[in-house]
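Just so you know, all these numbers are worked out from the coordinates, no wet-lab data involved. Remember, it's a predicted structure, so these values are computed and weren't measured experimentally. With ideal geometry, Cβ positions are generated from the backbone for all residues, glycine too; neighbour counts draw on all protein chains shown.
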Amino acid sequence: MTTAIIKPQWSPLTIALMVLGFIVFWPLGLAVLGYILWGEKFGGSPEKAQAYWNKGKAWCSSNKHAHRGWHNSNRSYGMNSSGNAAFDEYRAEQLKRLEEERARLDAEIDAFHEYMANLNKAKDREEFDRFMNERRGSRQGYTEPSKDNGDQNNNGWGNNG
């Protein structure tokens, strides 16, 4: 019987090796973390590792049809029949209604993004115009006349007569 020097468990040694691995070269630290978390499943033998890999691969290939999405390729939208025609028809109608609702919501999202883009453009235009007006004013050496009442139009140099 063979035993591993470093067992796949949380121990001070494996934690230190993981931290050191992350410091030296991050994929090495990630490999040590993987060994700590999943090392027992492989059992240290290549045969067990290959069996575990094949099991995961078989699970992925058996479930690939369940993840086809919401395509209208058939009445059940990529799902298997329940065996009850009335339920399958009901499910197809509900899925169609949900797809129409999703399309409506997507259109609303697009309209909102367009509205926000136009709003941002208008805000940018307003800020740019304000900047240009301020720059033109300071460049030409004049300021806007104040809009106070009529006696103070001449900046305190009022007529005494």
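What FRET efficiency comes out for the pair Ala58/Phe25, r = Cβ-Cβ distance, R0 = 22 Å, nearest 0.05?
Result of the calculation: an efficiency of 0.10.
By per-residue mean of other Cβ atoms within 10 Å, what is the highest-first order of 123-136, 88-101? Walk me through the numbers on the way to the answer.
On the way: 123-136: 10.1, 88-101: 13.0.
Put in order of decreasing packing, that is 88-101, 123-136.
When a/c is below 1.5 the answer is rounded, else prolate if a/b is larger than b/c, else oblate, so apply that to the stretch 95-142 with a ≥ b ≥ c taken from the square roots of the Cα gyration tensor eigenvalues. Mind dumping the intermediate values first?
On the way: a/c = 12.56, a/b = 11.85, b/c = 1.06.
Prolate is the answer for the stretch 95-142, as a/c is 1.5 or above and a/b outweighs b/c.
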Enumerate the aspartates and glutamates that Lys7 could reach by cross-link, defined here as Cα to Cα under 13 Å, with residues fewer than 8 away along the same chain left out. Glu40
Residues whose built amide H sits under 5 Å from the amide H of Ile6, excluding neighbours closer than 5 in sequence, are none
Env charge @ Arg130, Cβ radius under 12 Å, K,R +1 / D,E -1, value -1
